[in-house]
Amino acid sequence: RAKEEGRGRCCVYDPAMDAEREERNQLEIDLRRAIEQNEIMVAFQPVVDAQHLKLRGVEALARWTRAGHGPVRPDIFIPVAERSGLIDQLGLCVLRTACEALVRWPHLTLSVNISPGQFRDPSFVGRVADLLRDTGTEPSRVTLEMTETYFIQNPARARETLDRLKAIGVKIALDDFGAGFSSVGYLRQFGFDRMKIDRSLVSAADAGGRAVDMLQATVALARSLDIPVTAEGIESADQATALRIAGCDQLQGYLFGKPMPACEIDILNGEEPLARLSSMA
Ligand code: C2E
Ligand code: MG
Ligand code: MG
Ligand code: MG
């Protein structure tokens, strides 16, 4: 914290800070052990096509139940993994588990989140290629989701890595669009295969007015660049309707299904459209 406040300054001693640091260290130790002992689980969230509301794909999301503490949210443990260098191992382990599960769903696509730190590892692209080959996964069925952070930090390197990933045949989506700076420049420059609109933009539109205009304009922007759009975090039928009208081709959110174990995806798969939504289809 002293660092954030600038050089040449110091802070009043606070015993709570020691406790906080202690807890962070312990979290990291437990996470490392969980990764080594294969305790990181993967949940799958349904992605449906906007036209027929049929299941088309799944997004893989890491899940960790910390012994003695219960479930820890990814918003907590992913940053710990990023800071401690565990993200490379964790990320590849999620990708492998997800690709192995994909064998059960020949007609579905798979999205997996990638952290900037993984992207920075020079052996990343080679590892992904090996993993896809080992699991017999058709690369074009796999989309890697990235947020804009890395593209802003290091556009030249990011561009190079993106091109190498595209050369092995995987797709790249820009995740959480609308949550950060979300520059139009990045959208054009990097040739993303898909854009994912952040939940914050979707839920803001409930209030109507300007927020709805912004949502529509954002989808229109992506479409003008021929980039298909997935809307995230859809919880209500009204939101789904608005985003279908705006021109999203894929929808994702609790309305269609929360992240779930693979065996529950087995059950949804084949329903057409998802039963609970048949009145909307
Ligand atoms: P994300 O990639 O944007 O994933 C979507 C998040 O929104 C997930 O949270 C999902 O459960 C949640 N969500 C989806 N629909 C709804 C909805 O209708 N309502 C609400 N309230 N939430 C919804 P989750 O699983 O907690 O993950 C949070 C973030 O952690 C992810 O955001 C992603 O950035 C990161 N993450 C998760 N798994 C991994 C992983 O394996 N690797 C990396 N690098 N990041 C991961
Ligand atoms: Mg994502
Ligand atoms: Mg997102
Ligand atoms: Mg996110």
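The values are calculated or read from the model by the stated rules, or taken from the named source; none is laboratory data. All values derive from a computational prediction rather than experimental measurement. FYI the Cβ positions are ideal-geometry reconstructions off the backbone, even for glycines, and counts take in every protein chain you see. Note: areas computed on protein heavy atoms with side chains; ligands, DNA, RNA excluded. Shrake-Rupley method; radii C 1.70, N 1.55, O 1.52, S 1.80 Å.
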(message) Go through (1) within 16 Å of ligand 3 (Cβ to nearest atom); (2) open to solvent by less than 20 Å² (accessible area, probe 1.4 Å); (3) closer than 22 Å to GLY91 by Cβ; (4) of a type outside the set (A, V, I, L, M) for ASP198 and report which single condition fails.
(response) (2)
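Matching residues to (1) at pLDDT below 95; (2) more than 16 Å from the chain's Cα centre (by Cα):
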residue	(1), (2)
GLU160	yes, yes
ILE168	no, yes
PHE181	yes, yes
TYR186	yes, yes
ASP193	no, no
ARG199	no, no
VAL212	yes, yes
THR218	yes, yes
ALA231	no, no
(request) Return the only residue of ASP206, ASP175 being free of Cβ contacts under 8 Å to residues at least 60 places away in the same chain and either outside any helix (DSSP H, G or I) or open to solvent by 40 Å² or more (accessible area, probe 1.4 Å) (or both). (result) ASP206
(request) Residues that are out of contact with any Lys or Arg (no Cβ under 6 Å at 6 or more places or on another chain) and surrounded by 11 or more Cβ atoms within 10 Å (Cβ to Cβ): find the strands (runs of 3 or more DSSP E) completely inside region 1-94 holding 3 or more of those. (result) 41-49, 55-66
(message) under 27 Å from VAL229 (Cβ atoms) and in contact with a Ser or Thr (Cβ under 6 Å, 6 or more places away or on another chain): is that true of SER140 in this structure?
(response) no
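Select from region 150-170 the residues that are surrounded by fewer than 17 Cβ atoms within 10 Å (Cβ to Cβ) and of a type in the set (S, T, N, Q) and list them in ascending order.
Here is the first cut: in region 150-170, the ones surrounded by fewer than 17 Cβ atoms within 10 Å (Cβ to Cβ) are 152-157, 159-160, 163-164, 166-169.
GLN153, ASN154, listed by residue number.
Would you confirm, using the coordinates I've provided, whether PRO71 is more than 21 Å from LYS171 (Cα to Cα) and either in contact (Cβ under 8 Å) with a residue 60 or more places away in the chain or within 16 Å of the chain's Cα centre (by Cα) (or both)?
Numbers: more than 21 Å from LYS171 (Cα to Cα): yes; either in contact (Cβ under 8 Å) with a residue 60 or more places away in the chain or within 16 Å of the chain's Cα centre (by Cα) (or both): no.
Spelling it out, it is not the case that PRO71 is more than 21 Å from LYS171 (Cα to Cα) and either in contact (Cβ under 8 Å) with a residue 60 or more places away in the chain or within 16 Å of the chain's Cα centre (by Cα) (or both).
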